[in-house]
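Working notes, beginning with the structure itself.
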Amino acid sequence: MFDIPALWMFPALFLLVFLGFPVAFCMIALSFAFGFWFFGDTLGPQMFSNLHAVATNYVLTALPLFIFMGAALERSGIAERLFIAIQLWIGKLRGGLALTSISMCGVFSACSGVVGAVETVVGMMAIPPMVKQKYKHDLISGTICAGGSLGTIIPPTVVVIVYGSIVEESIGDLFAGVVIPGLIMTVLFLGYIIIRCYLRAEDAPAVADGGEFNVSLGKKLTATMTAIVPAVVLVVAVLGSILAGIASPTEAAAVGALGAVLLIFAYGQFSLEVARDVLTRSIKINAMVMFAVMGGVMFSSIFLVNGGNDLIREFLATFNPSKTQLIILMLGAIFLLGFILDWVAIVLICMPIFTPLIRAAEIDPIWFGIMVCVVIQTSYLTPPVAPSIYYLRAIAPPEIKLVSMFKGVIPFIICQLIVLFIVAFFPATALWLPGLIFGN
């Protein structure tokens, strides 16, 4: 067994990642090293065929457009306007700033689809007023980290696009499937904050006499029309066109990118500097994601031909797991990998290996994909190696300590696990809407 090259690929990958090398380059380097072991001099054409498959994958063409849309929305000024508009309606409540942050993250996730961007943008706006209002540091940390994690599960999340391209499932079905779990999770986050602030008012003091939120109804409606309405229209144009079958994800992403550019002009934010920043940021994120895509595709294909298929068959023959056990094993592997690898690498390494198992066990790939999104989101939040916490660490003031961040995410992780169990035990939460819309 130990003479099977595939057996050493994951330990080698983990070693290189722990040494500090970028994950994408680790996967590419190991693909060439172990690929030469199997293909020898014919490795070049084999690798080229993998790269050609990625470059010609029509589904993946939506990624650059969604990433551009997210970058443009960051510079359009809509985030600040959204935050202020939502704050005017609920800012006077106990925990109003935390509720505003979660609501803002939900709306911005539906506009952007880019994991990490939501947490950074909202955190930079929400943390200073929450600190000023003397919110508990663990509540601040948990709220911003959990809100940012919604970008993993609220469509048009790019996680779903990459998953769909690998398992060859309809992106529209997956987007529809993730809507109800995403809404349930957002409601659970909001419910936790409301209950905590009701039971322990000192954790999130209300603004005295309403403070700056005592404004006229006209001002609230004006803020709503200039911030919330444009965001909702953009969400309907992008997600609604996909779910209605009017546009493909790529076409809808193009509409979203155009809408984000129009918002930059509408809010008077356009300048050559803004245009250069949006394009530069989009190119950097796209390059990072596409390198990870290429590395993941190459790594998983070399793993399979280098004995990975034999390892999987031997494992199944030895343990003969039931369908439930197989699902738990696969989701457990994804969760553990989330401590080490980013979501792109996880999906691209695991799903080519797991897809034949899913098909053979007759596991619905839409249902399984929604659970994958929730598990990736949970690992994104779970200490000790939680990417969300390190995003927060980069923007949080020094008085918010790491221990407060670890403590703060735990209740939100419990909320995510509740959603996972709901989807697992009630598959209709993931499958009812796709069936209703697309008749599957």
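The values are calculated or read from the model by the stated rules, or taken from the named source; none is laboratory data. Since we're looking at a predicted model, the values are computed, not measured. Positions of Cβ are backbone-derived with ideal geometry, glycine not excepted, and every protein chain shown enters the neighbour counts. The area values use the complete protein model at the heavy-atom level, side chains included, leaving out ligands, DNA and RNA. Shrake-Rupley method; radii C 1.70, N 1.55, O 1.52, S 1.80 Å.
Specify the angular offset, from 0 to 90 degrees and rounded to the nearest 10, of the alpha carbon long axis of helix 171-199 from the longest principal axis of the alpha carbons in the chain.
50
Let's see if you can work this out: charge +1 on each Lys and Arg Cβ, -1 on each Asp and Glu Cβ, no other charges. What is the dipole magnitude of the range 71-214 about its Cα centre, in debye to the nearest 20?
Working: 9 positive and 11 negative charges, 106 e Å.
Rounded to the nearest 20 debye, it is 500 debye.
Working from Cα positions, state the angle (0 to 90°, nearest 10) between the long axis of helix 137-149 and the longest principal axis of the chain.
60
Which of the peptides 275-284, 66-75 is most tightly packed, and how do the rest follow, judged by the mean count of other Cβ atoms within 10 Å per residue?
66-75, 275-284
Shape call for the range 226-267 from the C-alpha gyration tensor, a ≥ b ≥ c root eigenvalues: rounded (a/c under 1.5), prolate (a/b greater than b/c) or oblate?
Numbers: a/c = 4.29, a/b = 1.66, b/c = 2.58.
Note, shape of the range 226-267 comes out oblate.
What figure, in Å² to the nearest 10, do you get for the accessible area of residue 367 with a 1.4 Å probe and non-protein molecules left out?
Residue 367 has an accessible surface of roughly 40 Å² with all protein chains in place.
Give me the one-decimal nm value for the distance between modelled label points at residue 131 and residue 219, 7 Å along each residue's Cα-to-Cβ direction.
Distance between the two pseudo-spin positions: 2.6 nm.
With unit charges on the beta carbons (Lys and Arg positive, Asp and Glu negative) and the dipole taken about the Cα centre of the chain, which residue among 127, 366, 105 sits farthest to the positive side?
Sorting the options by dipole projection puts first 127.
For the range 421-440 and the range 278-302, what is the separation of their Cα centres, given in Å?
Value for the Cα centre distance between the two parts: 31 Å.
Roughly how many debye, to the nearest 20, is the charge dipole of the chain about its Cα centre, given +1 on each Lys and Arg Cβ, -1 on each Asp and Glu Cβ, and no other charges?
1180
Can you give me the C-alpha center-to-center distance between the range 22-70 and the range 180-203, rounded to a whole angstrom?
Between the Cα centres of the range 22-70 and the range 180-203 lies a distance of 42 Å.
Tell me the carbon and sulfur percent of the accessible area for the range 312-429, rounded to whole percent, probe radius 1.4 Å. Each step should come with its number before you reach the end.
Numbers: 3810 of 5170 Å².
Its accessible area is 74 percent carbon and sulfur atoms.
Got a sec? Charge dipole of the chain, +1 on Cβ for Lys and Arg, -1 for Asp and Glu; which of 306, 59, 239 is way out at the positive end?
Final value for the positive-end residue is 239.
Find the accessible area per residue for the chain; the probe is 1.4 Å, ligands and nucleic acids are left out, and the unit is Å². Let's see the in-between values first.
Numbers: 18690 Å² over 440 residues.
I get 42 Å² per residue for the chain.
From the P(r) of the range 308-378, could you give the percentage of C-alpha pairs in the tail past 15 Å? It would help to have the intermediate numbers written out before the result.
On the way: 1304 of 2485 pairs.
Everything past 15 Å amounts to 52 percent.
Using alpha carbons only, how many degrees (0 to 90, rounded to 10) separate the axis of helix 78-90 from the longest principal axis of the chain?
60
Under 21 Å Cα-Cα from residue 284, which lysines qualify once same-chain neighbours fewer than 8 residues away are excluded?
none
Per the helix-only calculation at 222 nm, which mean residue ellipticity applies to the chain, given -39500 (n - 2.57) for every DSSP H run of n ≥ 4 and division by its residues, nearest 500 deg cm²/dmol?
On the way: 21 runs with 322 residues, N = 440.
Computed ellipticity for the chain at 222 nm equals -24000 deg cm²/dmol.
Only four residue types carry charge here, +1 at the Cβ of Lys and Arg and -1 at the Cβ of Asp and Glu. Report the dipole size of the range 53-132 about the Cα centre in Debye, rounded to the nearest 20.
Rounded to the nearest 20 debye, it is 300 debye.
Ranking request for peptides 221-228, 77-84: highest mean number of other beta-carbon atoms within 10 Å first, then the rest in descending order.
77-84, 221-228
Give me the one-decimal nm value for the distance between modelled label points at residue 273 and residue 258, 7 Å along each residue's Cα-to-Cβ direction.
Result for the modelled spin labels: 3.0 nm.
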